[in-house]
Each structure stands twice: as structure tokens, then as C-alpha cells.
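Asks: Starting off with a structure, shown below.
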Amino acid sequence: MLPVAQSRGSALRGVLLLSPVQLLANALIAGSLAALIAGGLALVYGVLGVFNMALGQLTLIGGYTAWWLHQVAHMSVLFSVIGGLLCGALMTWITFEVFVRPFYKHHRFLPLVTTIAWSMILDGFILLAFEERPRSILSEAKSMISLGSVLISREQCLMIVLTIVALLLFAWIFHCTSFGRKLRAVVQHESAARSLGINSAILHRVIFIVSGMFAAAGGIFIGIDQNLSPTLAFSLTIKAYAAIIAGGKGNIWGAIVCAYVIALLEQLLVGIHWFGAFYVPAGYQQTVALLFIIVILLLKPSGLFRSFARTA
Amino acid sequence: MNFLLHIIATIAMGAPNILGFNMLFGRGKILHFGPLGVSIVAAYATFLVVMATGSYPLGIVCGLAATCSISAFFAWLSLRLDADGLGVMSIAMHLGLLAVVLNWSSLTRGALGIPRVPRLPFLDSTGDFALLGTCVAALWAWMLWQVDRGTFGRKLIALSEHEWHAKSLGIDRSRVHMLAFMIAGIGSLLGVLQYHQYLYLVHPSDFGFPAFIFFVTVVVAGGPGSVRGCVVSLILLSLLREGLRFVPMSPDVLGPLRLILFGAILFVAVWLRRDTLFPKQRTV
């Protein structure tokens, strides 16, 4: 829990619960988590056209596996994180092979229902295995760094940097490598890409698993920064999809930008002393994503950054 | 005997809402995953007014107005969004409404719910609720069956099969969606009106995500769009759900096991109906 920043003497005294810079820092932390999950998902949607509603549970599985490896099996943090990522990848591969691949050729809406069923099954297993108690990967107190009026932990700094590095690496692979070109070709026109010899079936698997690894990384992020709880799953899924819908479905960079925007709005909602009269309870935070999409839909039904597919 | 009446009452009281959802999701192939969101609004609007004024007619009028408003909003979303986008957004709406109910404690009492909900004078025993619920459910099923077989049902099917072709034949999508959502909304209101009087309580846990999974499972297992199939699967799955209470396990284990069981049933049902749940478009 970050302490309330002192804003005495500022023109915003009595208006902000936290200083504006602290709010921005918090939005950067929350946005990095959402961007990590939403970016991978947007790619999956762009290629396969399917929604994976078990995403939140896959995120938690990555986090809980890292927690178990570190806290119960007493492995080092590095190996626990790698274990969490691998377990997330494995579960995502199972999700693809059992709950998506047999269905999406029949109709692309079927995985929406099958992954809802899978999310319930995973929820049940998570509750049985880890119970409802909050779990934190690092049990020791976090060391805080003061950057001007901003208080931020070393772990949070590291996670923001790692997220940005991961997204930049992803951008480089996507735009500057042969694999990325194949990926973009499949996104733009799958049939044409296949006629040019691109094995789209393997790409589908790879993309799905990569999105799962991003999600698992998000879960580990939560487990290190806050606490893991089974109740988080659906709000994570909804937030990621809110970013995808608002960003223009299938547009990866639109989804990432909107993930940061939603995180900023969430922080502003609960961090501002509205009209100098009241604070909005933190429980309303998850409704921000919803309101954001509704406003976007009113103004731009196809999303903020609509991607145009090539046509003949 | 009393437990049997309780089972009959709960099945019958759940039927109007599930049958309305079956019309939207099963028959119309509209990925509306927020029926519980409509129920939240219907229940809280009705019973908050009833508790404040003591007048059931006023409560029902307010509940109806709120239900129609939220149904119209969902219908608008269905017209504005792609089908799968609506699926995600309606879940988001459901969770958003639940968050509002849980956090607006000064109005809704948050996680405590609204206790001591008064009952209508003619509803006293479990038998009364079973009788009324069965009559309402039978009447509602008959009405939806008529709607399904009539012009409106055919328009809904035509839109689900091929939207452009249906529009070219003069079918007004906005009007059909609006009506379908209104009918489903009234089904929700009929259900919550009886159920919360029966329990003497309106509680947020009644509108959780597992309840929605139960709805989807009933519709998919019963045969999407089939009123008769839906009623049969509702009876069987409700018996299974209530029967699980007698399994000698602690609630900490039984709750997750119930999630796993109903998730697995839904998956198997979708697997078996993968060709009919969302049929491919007809081609010449």
C-alpha cells in the first residue's frame, strides 16, 4: 500500500488524495500489467478472431505457480518466475488444443462459450488448490524508492521496465523479422498467406501460447506487486477485453494504449476528491473500463484505432 | 414433502428468466451474457421501492421501468457491437452492476443485501410459491412457445441465420432486438419478483457468475432455442444442483467441485451441440 503523498502548498491541495505524479506512476504500474495481457490477446483476436474468456484464470495460474514454487517448494525467485511462465504456457497450450482448436473452425463464437466453461473449471481447481486466502510471491517487505514526490518499490520499477522491454521486443519481432512478417501476413489475409506457403496452423499455436505467457507474466506481476486472489480472474479478463474493444479489435498497439488509458482513468477515479466533496470507493474501479468503452462506442463504434484489412 | 415443494418452487421461479435468455441466446444467437445484470436491476429497483414505500404495485411499476431501461440498453449494445464484443461487454455490464450494488452501501446495504423483504398476502407457504411459480412458468413457457412459432420468432431466426438477407426482406433488426430484449427482461422481473419474496432477502450472491453459467448450461444442454428442451434440462440440472447439497463434503470443497462439475457439463454440452449452437450460414 503506497502512503498518501503530501501535497501541502500545492494548488491542488484538498482535491487530490495522491499527488498527480504519484497517480501517474500508479497508472503506469497498473497499465503495464493490463498492457502485457491485452497486447497478447489483441494479437490472438487479430489472427484467430476468437475471445479467450479463461484468460484471467490463466493469468492467475502463472502467478500461483510462481508463488507455490517460491513459497512452498522454496525455489529461487528467478526459477519460480520461469516455472510460472512455463506453466502458464502449458495451460494455454492445453486451452488451445482442447477448448479452442476443435471449435473455432465450426464457428468462431464457439470458443467464447467453451472458454467460459474452462474458466469455471479452472476457478474450481484454483479454489481447491490455493483457497481464497490472498497469496503474495514475495513475503518480505518491499523496499521503497523516493523519486521526488513519487514513492515506488524496486519491484514495481523492475516490472515497468521489463514490461516496456517485452513490448519493445515484441514490436521488433513483429515489424523487423521474417517471423513477424509471416505473422502480419496471417493477420491481414490468412488464405493469401497460406497460399504463399506460410504454415498458419503452427502460427496459431505459437501466438496463442505467447499470449498465455504474457498473461502468466501478468499473474506473476500481480503476485509480486500485490496479492493473488481467485476473485481477480474475471476483472482481469474484462479489463483486457475492454482495452481491445476500445482500441479497435485486432489492433495490438491500440489495445496497449487503451490499457494504459483505462489504468489512468481508474487511478483518477479513486484518487481525486471529487468537487471537494467525496471520494469514489475503490470498489468502483472496475466499472471504469466499462464506462470507458461505452463512451468510446458512442463516439467511435469501431474503436479508437481501427485497423483496416487489405481487400482485393 | 416440503423439500420437494422447495425444489418445484425454485425450478419454476427460475424458469421465466432462463426461457427469456433461451429466446435471445438459443433462438436469436445473440451473445447476450448479461441476463443476471438485468435481474440485478429488476430486483433492486423493485424491492428498494417496496421497502421504502411498502407498496407492491409501485415497486412493480418501478421495477418494470428499470428492467425495460436496462433491457433497452443491452439491446442498444447488441446493435452497436459485433456479436462477440457484445458477449464480453454484457459480462462486463453484469460485473459492473454487481460492483455498484456491492459498493453503494447507503442505498443497497452492499454485501448485506436487503433483508426482511415482505411477501404478498396470498404467498405464505412454500406450497403457495410452488403453485404460483408453476402457473407463471407454464404460462410464460406457453407464451414464448407461441412467440417462437409466430412471425416474431421467424424474424429472430432469419436475423440469426443471415442478417443481410433478413434485412433485405424488410425485417427491422432494431425493432426485433429491442422487443426480444424486453421480453427477456420481463422474464427476469417475473423470476426475481417471486424468488426474493420466497427468500425474504435480496442478496448480491444470488447474481454471481456461477448463476450465469447455470443459465448457459441449461440452454445449451436443452437444445438452443427449444422451449421444451430448455424446461427439461432446467429440471434435470436443478435436481443435480440441489442434490449436491446432500454430498457429505465441507462447503469449501463442495463449492469448487460444483464449479468444476457445471463447467464440465457446459463443455460437454457445447461439444455435443457444436454444429447446432451456432450453425454455419446457409448457402445456395
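Asks: Gap in Å between the Cα centre of the range A:212-270 and the Cα centre of the range B:54-68?
Replies: Going from one Cα centre to the other spans 38 Å.
Asks: Hey, another quick one. Mind checking the mean number of beta-carbon atoms from other chains within 10 Å of the Cβ atoms in B:254-266?
Replies: 6
Asks: Still on this model: Counting only trypsin sites (Lys or Arg not before Pro) that are in a DSSP loop and have at most 14 other C-beta atoms within 10 Å, tell me the longest site-free stretch of chain A.
Replies: Between the exposed loop sites, the longest stretch runs A:143-305.
Asks: Keeping the other protein chains in place, figure out the carbon and sulfur percent of the accessible area of the protein assembly as shown, with a 1.4 Å probe.
Replies: Of the solvent-accessible surface of the protein assembly as shown, carbon and sulfur hold 68 percent.
Asks: If you don't mind, there's one more thing I want to ask. Determine the calculated [θ] at 222 nm for chain A from helices alone, applying -39500 (n - 2.57) to every DSSP H run no shorter than 4 residues and normalising by the residue count; nearest 500 deg cm²/dmol.
Replies: Taken over chain A, the calculation gives -21500 deg cm²/dmol.
Asks: Rolling a 1.4 angstrom probe over the protein chains, ignoring ligands and nucleic acids, what is the accessible area of A:M75 in square angstrom, nearest 10?
Replies: Spelled out: A:M75, probe radius 1.4 Å, area about 70 Å².
Asks: Hey, got a sec? Which trypsin sites (Lys or Arg not before Pro) in the range B:243-281 land in a DSSP loop and have at most 13 other Cβ atoms within 10 Å?
Replies: For trypsin sites (Lys or Arg not before Pro) across the range B:243-281 that sit outside H, G, I, E and B with at most 13 neighbouring Cβ atoms in 10 Å, the list reads B:K280.
Asks: Follow-up question, since we're still on this one. Under 14 Å from the Cα of A:K239, which aspartates and glutamates turn up, not counting those fewer than eight places away in the same chain?
Replies: Straight-distance partners of A:K239: A:E266.
Asks: Provide the per residue accessible area, probe 1.4 Å, for chain A, rounded to a whole number of square angstrom.
Replies: Spelled out: the 1.4 Å probe surface of chain A, per residue, equals 44 Å².
Asks: Please work out the average accessible area per residue across the range B:2-208, using the 1.4 Å probe convention, and give it in Å².
Replies: Accessible surface, normalised per residue, equals 40 Å².
Asks: Residue-wise, which Karplus ³J(HN,Hα) couplings in Hz belong to the range A:132-147, taking 6.51 cos²θ - 1.76 cosθ + 1.60, θ = phi - 60°, and x for glycine or proline?
Replies: Karplus values, whole Hz, x for Gly and Pro: 8, 5, x, 10, 10, 5, 9, 7, 6, 5, 7, 8, 9, 10, 9, 10.
Asks: Counting only protein heavy atoms and rolling a 1.4 Å probe, how much accessible area do B and A lose on contact, total for both sides, in Å² to 100?
Replies: 3800 Å²
Asks: Kirkwood Rh, chain B, all Cα pairs: how many Å?
Replies: 19.4 Å
Asks: Here's something else I'd like to know. Quote the FRET efficiency, to the nearest 0.05, computed for A:T177 versus A:S139 with a Förster distance R0 of 51 Å and r equal to the Cβ-Cβ distance.
Replies: 0.80
Asks: Around B:W142, under 15 Å between beta carbons, what's the net of Lys plus Arg minus Asp minus Glu among the other residues?
Replies: Net of charged neighbours comes to +1.
Asks: Here is a further query. Assuming R0 = 30 Å, what is the FRET efficiency of B:R154 and B:S69, from their Cβ-Cβ distance, to the nearest 0.05?
Replies: Plugging the Cβ-Cβ distance into 1/(1 + (r/R0)^6) gives 0.60.
Asks: Near A:I94, within a Cβ-to-Cβ distance under 13 Å, what is the net charge of the other residues, with Lys and Arg +1 and Asp and Glu -1?
Replies: Taking every other residue near A:I94 into account, the sum is +1.
Asks: Can you give me the relative contact order of the range B:2-208 as a percent, contacts being Cα pairs under 8 Å and 6 or more apart?
Replies: 43 percent
Asks: Return the single residue from B:A141, B:A75, B:A111 with maximal mean-square fluctuation; model: Gaussian network over chain B, springs between Cα atoms under 10 Å.
Replies: Comparing B:A141, B:A75, B:A111 in the GNM, the peak value goes to B:A111.
Asks: Moving on to the next point. Tell me, what is the 1.4 Å probe accessible area of B:F122, in Å² to the nearest 10?
Replies: Answer for B:F122: close to 130 Å² accessible.
Asks: Turning to a different aspect of this structure: Order the following by accessible area, largest value first: B:S90, A:S136, B:S205. Probe radius 1.4 Å; ligands, DNA and RNA are ignored.
Replies: If we order B:S90, A:S136, B:S205 from most to least accessible, we get B:S205, A:S136, B:S90.
Asks: Still on this structure: Within straight cross-link reach of A:K105, meaning Cα distance under 20 Å, which lysines are found once same-chain residues fewer than 8 apart are removed?
Replies: A:K105 reaches A:K249, B:K29, B:K280.
Asks: Accessible area of A:C157, 1.4 Å probe, to the nearest 10 Å²?
Replies: The value for A:C157 is about 40 Å².
Asks: Let me ask something else about it. Take each uninterrupted DSSP H stretch in chain A, measure its Cα extent along the helix axis, and return the ones at 20 Å or beyond whose mean Kyte-Doolittle hydropathy is at least 0.0.
Replies: Helix filter hits for chain A: A:20-48, A:77-94, A:110-130, A:154-176, A:200-225, A:233-247, A:252-271, A:285-299.
The values are calculated or read from the model by the stated rules, or taken from the named source; none is laboratory data. Only a predicted model underlies this, so the values are computations on that prediction, with no experimental measurement involved. No Cβ is skipped: glycine too gets one built from the backbone with ideal geometry, and neighbour counts run over all protein chains shown. Note: areas computed on protein heavy atoms with side chains; ligands, DNA, RNA excluded. Shrake-Rupley method; radii C 1.70, N 1.55, O 1.52, S 1.80 Å.
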